[in-house]
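Below is one structure, written out as structure tokens; the observations come after it.
The values are calculated or read from the model by the stated rules, or taken from the named source; none is laboratory data. Nothing here was measured: the structure is a model prediction, and the numbers come from that model. Every residue, glycine as well, gets a Cβ built from its backbone with ideal geometry; the counts of neighbours run over all protein chains shown.
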Amino acid sequence: MQEGFSNRLSSKALTYWQWYGFLTFLPFWLFPIAYFFSSKYFFFPIWPIYVFIVVFLMLTLLKTFIIPKIIWNRWRYKVSEHDINIQYGLWIVKHTIIPMVKVQHVNTKQGPLMKGFGLASVSISTAASIHEIPALEEDVAAALRNRISILARVVDEDV
Amino acid sequence: MYDLERLHPAAVIENLIRNIYKFFQILIGPLVIIATSPLSKRWLVIIAIVGLGAYFLISILSWYRFRYAVYNEELRIEYGILARRKTYIPIERIQSMQITTGIVQRIFGLVKVDVQTAGGSSEAKASLSAITKEQASKLQAQLNIIKHSTDMNEKISVIKNKKHLTLKTLLIAATTSNGIGVVLVGGLAVLSQINQHLPNEDIYTKIGESIINYAGDTVWIYLLSLLFILILAWILSIIGTIISIGGFTISRLEDRLLVQRGLIEKREISIPLNKIQAIKIVEGILRQPFGLATIQVVSAGIGSKSTNDTIAFPLLAKKEIPNFLAEFLPEYKTEITYTPLAKAAQNRYRLILTIPTLLAVIPILCFFNYGFLALLIAVLAWFWGKKQYKDAGINIEEEQIAIRYRLIGLNTYLIKHSKIQAIKLKQNPFQKRKNIKAIEVYIASSRAGSTVGLTGIKSSKGDEILNWYREF
């Protein structure tokens with residue numbers, strides 16, 4: 001791990017991502033279900049349904065348990081008075097540096113599911129890009145937003 | 001209080017002409033339907049008159065409502081027919097100013113002034129479509145004076161360096177531009193538009209049929225007509241380039257660059273130096289054998305429509321570039337040695353081009369007699385990948401990062417440390433094993449930001465760049 005990456009996301013974030021992964025994959029189950037019913041009316045063979053079920057179960061497990069775990073384990077961030085460091089990624093590990101001078105504005109966001117978990121994400125905009133620290137505890141997110149906003153204002157500068 | 005000024009009434013005409021294309025796009029469908037239907041032709045005339053009349057009225061109203069002033073270090077604009085809008089642009093946020101003299105403006109002795117701020121949205125710019133030259137220079141002075149003290153204002157209007165595009169270079173630039181593709185694509189777009197609005201059967205099938213009837217299966221007629229179309233497109237692109245960059249002049253003033261160009265529509269863009277986000281040097285594939293390059297300026301305000309707007313100089317011999325930069329943009333350096341990519345990245349560059357080409361070639365291989373000739377394309381892709389790998393490079397020196405990469409042409413970006421909005425390093429597991437990384441540099445540009453990226457640098461180089469970025 002890179003030195004200086006002290007902060008992880010909230011442990012609740014993992015649970016949230018697992019639920020998120022599970023729920024967003026749920027609609028895809030319509031496909032094997034539709035196949036099952038249409039095989040009754042048309043003369044589709046029944047055996048592919050078992051293949052579908054196995055494949056979809058594996059995908060569900062992947063989306064629900066494995067991917068969120070990897071992403072959560074990888075996530076690190078650090079906010080100093082000079083810059084914001086974030087490191088994340090599932091397959092490709094990405095490490096981004098945003099200097100405080102370049103921060104144009106910062107805001108927190110919260111979807112309905114996030115609200116249920118008491119989580120919020122912080123998004124940081126520069127003149128060229130938007131970077132997000134997802135799924136922090138509400139109060140941590142608010143504090144981080146205020147801190148970045150104050151630090152960024154101290155070094156106010158145009159594009 | 002402050003006095004709000006109106007535009008010159010010619011703005012109504014300007015507005016009408018600007019919107020006439022849009023007008024026809026909306027009305028051409030109904031017009032064609034009526035023209036081809038057995039209905040009385042009177043309706044055609046009535047719809048056209050009512051439509052144009054409405055447009056004329058709207059143009060007059062919007063001209064009447066549109067007023068501007070400079071007050072309290074802001075450019076204030078009030079406009080809108082139903083919803084009244086007020087836009088206040090703080091002067092220090094202005095990224096560039098463009099003065100255009102189109103045909104309408106020239107008839108009335110007027111100019112059009114576009115003021116642009118960062119961000120690509122239409123809200124981010126103000127367009128004064130027709131004001132007198134006196135109003136324009138007053139506006140320019142107002143926008144400058146606030147920024148500098150008055151005695152400074154004398155100094156900043158002095159031209160330090162100036163360079164014209166010679167006729168010879170203009171001709172070379174026009175003949176080697178890649179405008180031919182634009183012309184062909186544009187031509188196709190227009191043809192398909194026409195086809196959509198014709199109610200009867202496909203007109204092009206008919207034309208095609210009659211050509212086949214005429215030519216039969218003599219191959220050379222088809223080849224000849226294809227050649228004819230290509231030459232026509234090429235000539236059109238030459239004319240287009242000459243009109244757009246004819247009379248090109250760049251001047252360096254104390255605190256900004258002034259770029260003038262255009263034969264029919266004259267444009268004058270002034271870019272404050274501290275608003276320049278990056279310099280881009282493009283060596284097109286047609287121009288590279290002659291050792292020629294184009295120099296572009298990346299700015300947060302300009303170039304929202306065409307990349308043409310950002311040209312700092314259309315054509316320059318490569319060996320003249322250091323000299324040119326020394327005269328006009330001494331803050332940037334090109335005489336640097338690029339660190340090549342890591343050896344381990346070479347295969348990636350070759351495979352990423354070759355594998356898709358091979359996959360595309362396989363069907364041709366199977367179904368055609370001389371299909372194996374298509375393999376040549378895959379071989380070409382292999383060597384092209386190698387060339388891309390060899391030409392790429394990166395350099396950090398003092399306050400500047402330089403990134404060079406090839407797609408088809410060779411692109412070089414020079415970016416100041418202070419203009420980098422963020423840096424991202426990326427590494428996938430394969431790259432981790434090979435100890436290489438990819439880098440992305442974020443810069444502000446007309447489209448709300450863009451990235452300049454390079455894959456396959458050594459991990460240690462990536463970390464070095466990150467430290468350089470962090471520590472300045």
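Taking the residues in segment B:256-278 that are in a strand (DSSP E or B) and within 14 Å of another protein chain (Cβ to nearest Cβ) as candidates, determine which candidate is surrounded by the fewest Cβ atoms within 10 Å (Cβ to Cβ). Looking at the filtered set, the residue picked out is B:PRO272.
Among the residues of segment B:356-378, is there at least one that is within 28 Å of A:VAL93 (Cα to Cα) and either touching a Phe, Trp or Tyr at 6+ places or on another chain (Cβ under 7 Å) or more than 14 Å from every other protein chain (Cβ to nearest Cβ) (or both)?
Residues of segment B:356-378 within 28 Å of A:VAL93 (Cα to Cα): B:356.
Next, only the ones that are either touching a Phe, Trp or Tyr at 6+ places or on another chain (Cβ under 7 Å) or more than 14 Å from every other protein chain (Cβ to nearest Cβ) (or both) stay: B:356.
Looking for residues that are within 28 Å of A:VAL93 (Cα to Cα) and either touching a Phe, Trp or Tyr at 6+ places or on another chain (Cβ under 7 Å) or more than 14 Å from every other protein chain (Cβ to nearest Cβ) (or both), one finds at least one in segment B:356-378, hence yes.
Looking only at residues in segment B:444-461 that are buried (at least 16 other Cβ atoms within 10 Å of the Cβ), modelled with pLDDT of 85 or more and in a strand (DSSP E or B), the one that is nearest to the other protein chains (Cβ to nearest Cβ) is B:THR451.
Between A:ILE53, A:ILE92, which is in the same structural domain as A:ILE130 (by TED's automatic domain parsing) and either at pLDDT below 95 or of a type in the set (A, V, I, L, M) (or both)? Break it down stepwise before answering.
Details: A:ILE53 fails: in the same structural domain as A:ILE130 (by TED's automatic domain parsing).
None of the others qualify; the one that does is A:ILE92.
Tell me, yes or no, whether segment A:117-125 has at least one residue that is more than 10 Å from chain B (Cβ to nearest Cβ), in contact with a helix residue (DSSP H, G or I) (Cβ under 9 Å, 6 or more places away or on another chain), assigned to a helix (DSSP H, G or I) and more than 20 Å from B:TYR469 (Cα to Cα). Within segment A:117-125, one or more residues are more than 10 Å from chain B (Cβ to nearest Cβ), in contact with a helix residue (DSSP H, G or I) (Cβ under 9 Å, 6 or more places away or on another chain), assigned to a helix (DSSP H, G or I) and more than 20 Å from B:TYR469 (Cα to Cα). Checked against (1) in contact (Cβ under 8 Å) with a residue 60 or more places away in the chain; (2) surrounded by fewer than 15 Cβ atoms within 10 Å (Cβ to Cβ); (3) over 20 Å from B:ALA402 (Cα atoms), B:TYR338 meets all criteria but (3). Within segment B:218-264, which residues are among the aromatic types (Phe, Trp, Tyr) and in contact (Cβ under 8 Å) with a residue 12 or more places away in the chain? B:TRP234, B:PHE248, listed by residue number. What do you reckon, is B:ILE47 farther than 26 Å from B:ALA130 by Cα, surrounded by 14 or more Cβ atoms within 10 Å (Cβ to Cβ) and either at pLDDT 75 or above or not assigned by TED's automatic domain parsing to the domain that holds B:LEU110 (or both)? So B:ILE47 fits the description; yes.
Please indicate, with yes or no, whether at least one residue in segment B:342-350 is of a type in the set (Gly, Ala, Ser), touching a residue at least 40 places away in the same chain (Cβ under 8 Å) and in a loop (DSSP other than H, G, I, E, B).
Residues of segment B:342-350 of a type in the set (Gly, Ala, Ser): B:342, B:344-345.
Narrowing the set further to residues that are touching a residue at least 40 places away in the same chain (Cβ under 8 Å) leaves B:342, B:344-345.
From what is left, the residues that are in a loop (DSSP other than H, G, I, E, B) are B:342.
Among the residues of segment B:342-350, at least one is of a type in the set (Gly, Ala, Ser), touching a residue at least 40 places away in the same chain (Cβ under 8 Å) and in a loop (DSSP other than H, G, I, E, B), which makes the answer yes.
Output the number of residues of segment A:99-109 satisfying the condition of being facing chain B (nearest Cβ under 9 Å), surrounded by 20 or more Cβ atoms within 10 Å (Cβ to Cβ) and either among the aromatic types (Phe, Trp, Tyr) or over 17 Å from B:ILE439 (Cα atoms) (or both). Here the count works out to 1.
Table: residues versus (1) at pLDDT 75 or above; (2) among the hydrophobic types (A, V, I, L, M, F, W, C).
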residue	(1), (2)
B:LEU171	yes, yes
B:SER177	yes, no
B:LEU188	yes, yes
B:TYR214	no, no
B:ILE221	yes, yes
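Can you tell me which residue is farthest from the chain's Cα centre (by Cα) among those in segment B:413-458 that are of a type in the set (D, E, K, R) and closer than 13 Å to B:ASN395 by Cα?
So, considering only residues that are of a type in the set (D, E, K, R) and closer than 13 Å to B:ASN395 by Cα, the one farthest from the chain's Cα centre (by Cα) is B:LYS458.
Looking across segment B:238-255 at every residue that is part of a strand (DSSP E or B) and of a type in the set (S, T, N, Q), the one that is surrounded by the most Cβ atoms within 10 Å (Cβ to Cβ) is identified as B:SER251.
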